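The values are calculated or read from the model by the stated rules, or taken from the named source; none is laboratory data. Worth saying up front: this structure is predicted, and the values here are computed from it rather than measured. Reconstructed Cβ throughout: ideal geometry from the backbone, glycine too, with neighbour counts over all protein chains shown.
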Amino acid sequence: MDFTRHIVIVGGGFAGTTLARALEPRLPPGWRVVLISEESYTTFNPMLAEVVGASVFPEHVVAPIRQMLRSSRFVMGRVTDIDRVRRVVSAGTLAGVQEIAYEHLVFAFGTRANLELVPGLAEHALPLKLVGDALFIRNRVLQRVARIELESDRALRRTLGHFVVIGGGFSGVEVAGELADFLAGARRYYPRVQPDELRVTLLQDADRLLLELPATLGAAAAHSLRGRGVDVRLGARAGRVDADGVLLQGGEKLDAATVICTIGTKPNPLAERLGLPAQRGRLVTAPDLSVQDTDDLWAIGDCALVRNHAADQHRPPEAGPAAPVSYAPPTAQFAVAQAQALARNLIARIERRPTRPFAHVSKGMMATTGHLKGVAQVAGLRLSGLPAWLLWRAYYLLRMPTLGRKVRIWVEWTWGMFFAADITHLRFTRTAEADAPSLPPAPTTVSPSQP
Ligand SMILES: Cc1cc2nc3c(=O)[nH]c(=O)nc-3n(C[C@H](O)[C@H](O)[C@H](O)COP(=O)(O)OP(=O)(O)OC[C@H]3O[C@@H](n4cnc5c(N)ncnc54)[C@H](O)[C@@H]3O)c2cc1C
């Protein structure tokens, strides 16, 4: 009989893996962490744009969860239900549905991409949320360029070579910059493709990019992207997406065969199924990160609505008690900070000591705008250009889990400084399919499922 008591964590992203690693050395005897996650790896989302731009291989922005953990148990599976009376979670695994008992249960299951914000987005746009999305977009870009070489219709060639990115936040800016550089570097291997046939347009509905950063850095990002040939459209809202472009709300039509979507998230379906206190799909937490009105359930990361008490401490007294409260933003930095705070609180709870409210002062924010260019605000300093880009790379290299991954990324980045980007499009054809009929003739319009 197993007398071990379990802290079960649902979700192996930034929040879940940081929590498991922080708990491992501190747990009292008789306690163990069980981490359940859908995939066997954790994805380093801030680097997904680099996968799109072929600056790094997809395998290098993920880290196997089993290699990140020491004493914890890892279960690959999707949690579908919890039974709060029996204190068990049910997870669909390779061996069918398994029940896992918990003493404390932590929700860290993130959010999903929202493809319902604009009509046609779900059918025709390519979201960037998972590593599979990044790899798919990269392959799609290569397919499009290869197809332009084979087409003779000028209008179709221009539509195929037009890549529209929706969203001027961090991921949109980074993808647009990476794409512009990748296309500029790859074009020389496609001699029948003219420079003006490859274009990147970035759509931002606000009047500036990167709303989370000061206006000067948003302007610096737009300047940097425009310098690389990206058509940055401010105050431009997508009204409809279809198979061959985007209709802007003002009525203008952008002919583009590839639309990449970096806007919007929606709640993970599990959050709705749990029947716990939630606001707009995020689980409402008490100051110490426990789920409101519970004592054995906790929530951190993007799936949790967490009040940041550091902001309260810096609130001027004249703001009064009715001033709006500050919530932690859904970023990797805050997910990691919440995981570290929760590790302390869980140990405190087990040892019957008082828990502490979550408080974190942001260390800053940064984004790349393509090769050797970026913008950053760190410790009150505003940086743009090469210093910001170097800082971005140094920071994310340090944050990358496991030494092996750090070395691989560093080698790849160094390689990328001196050699051309990899334009291999792997099709994963297996022996049984080698002699299958070749691609069907392509129609004159383009759709997301076609090259
Ligand atoms: C393209 C992109 C770029 C970004 N860039 C930045 C950036 O530059 N800086 C920054 O700070 N933040 C960035 N973010 C946001 C950041 O990635 C998130 O805030 C962070 O990942 C949140 O961590 P999390 O652990 O809460 O969720 P996630 O990292 O999303 O992890 C959730 C995990 O739970 C698993 N899961 C979901 N449902 C279940 C279930 N039912 N059962 C089991 N497992 C489940 C998922 O598979 C996943 O592994 C970016 C996000 C994206 C998509």
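Table for the structure above
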read-out	value
Subset of the stretch 316-337 (residues that are modelled with pLDDT of 95 or more and among the aromatic types (Phe, Trp, Tyr))	Phe334
Test: residue in the stretch 373-380 that is modelled with pLDDT under 90 and not acidic (Asp, Glu)	yes
Sole exception among (1) farther than 15 Å from Leu342 by Cβ; (2) assigned to a helix (DSSP H, G or I); (3) more than 8 Å from the ligand (Cβ to nearest atom) for Pro28, by number	(2)
Odd one out for Ala63, checked against (1) within 9 Å of the ligand (Cβ to nearest atom); (2) touching a Phe, Trp or Tyr at 6+ places or on another chain (Cβ under 7 Å)	(1)
Residue match in the stretch 66-74 (condition: within 12 Å of the ligand (Cβ to nearest atom), modelled with pLDDT of 95 or more and either not assigned by TED's automatic domain parsing to the domain that holds Phe182 or not in a loop (DSSP other than H, G, I, E, B) (or both))	yes
Any pair with Cβ under 8 angstrom, 6 or more apart, that starts in the stretch 342-370 at a residue that is closer than 19 Å to Arg399 by Cβ and ends at one that is in a helix (DSSP H, G or I) and away from the ligand (no atom under 16 Å from the Cβ)	His360/Ala310; Val361/Ala310
Long-range neighbours under 9 Å by Cβ, at least six apart or interchain, first residue in a loop (DSSP other than H, G, I, E, B) within the stretch 238-258, second acidic (Asp, Glu)	Ala243/Glu123; Asp244/Asp255; Gln249/Asp205; Ala256/Asp244; Ala257/Asp244
Lone unmet requirement of (1) within 13 Å of the ligand (Cβ to nearest atom); (2) more than 16 Å from Phe44 (Cα to Cα) for Met366	(2)
Residue among Ala20, Ala49 that alone is more than 10 Å from the ligand (Cβ to nearest atom), crowded, with 23+ Cβ neighbours inside 10 Å and either of a type in the set (D, E, K, R) or in a helix (DSSP H, G or I) (or both)	Ala20
Residue count for the stretch 257-315, restricted to those that are closer than 29 Å to Arg237 by Cα, at pLDDT below 95 and small (Gly, Ala, Ser)	2
Residue match in the stretch 187-194 (condition: of a type in the set (A, V, I, L, M, F, W, C) and within 17 Å of Gly218 (Cβ to Cβ))	no
Test for Leu105: is it over 30 Å from Gly30 (Cβ atoms) and out of contact with any helix residue (DSSP H, G or I) (no Cβ under 9 Å at 6 or more places or on another chain)	no
Qualifying residue in the stretch 100-108 (condition: crowded, with 17+ Cβ neighbours inside 10 Å, within 12 Å of the ligand (Cβ to nearest atom), outside the structural domain of Asp181 (by TED's automatic domain parsing) and part of a loop (DSSP other than H, G, I, E, B))	yes
Residue selected from the stretch 137-176 under the condition within 13 Å of the ligand (Cβ to nearest atom) and assigned to a helix (DSSP H, G or I), by the criterion surrounded by the most Cβ atoms within 10 Å (Cβ to Cβ)	Ala176
Residue match in the stretch 111-119 (condition: within 16 Å of the ligand (Cβ to nearest atom) and touching a Cys at 6+ places or on another chain (Cβ under 6 Å))	no
Verdict on Arg192 being assigned by TED's automatic domain parsing to the domain that holds Pro119, surrounded by fewer than 23 Cβ atoms within 10 Å (Cβ to Cβ), part of a loop (DSSP other than H, G, I, E, B) and on the phi < 0 side of the Ramachandran plot	yes
Residue match in the stretch 166-173 (condition: more than 18 Å from Val230 (Cβ to Cβ) and in the same structural domain as Asp255 (by TED's automatic domain parsing))	no
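Every residue, every condition in (1) touching a Gly at 6+ places or on another chain (Cβ under 7 Å); (2) at pLDDT below 95; (3) not basic (Lys, Arg), yes or no:
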{"residue": "Phe163", "(1), (2), (3)": "no, no, yes"}
{"residue": "Ala186", "(1), (2), (3)": "no, yes, yes"}
{"residue": "Arg192", "(1), (2), (3)": "no, no, no"}
{"residue": "Ala215", "(1), (2), (3)": "no, yes, yes"}
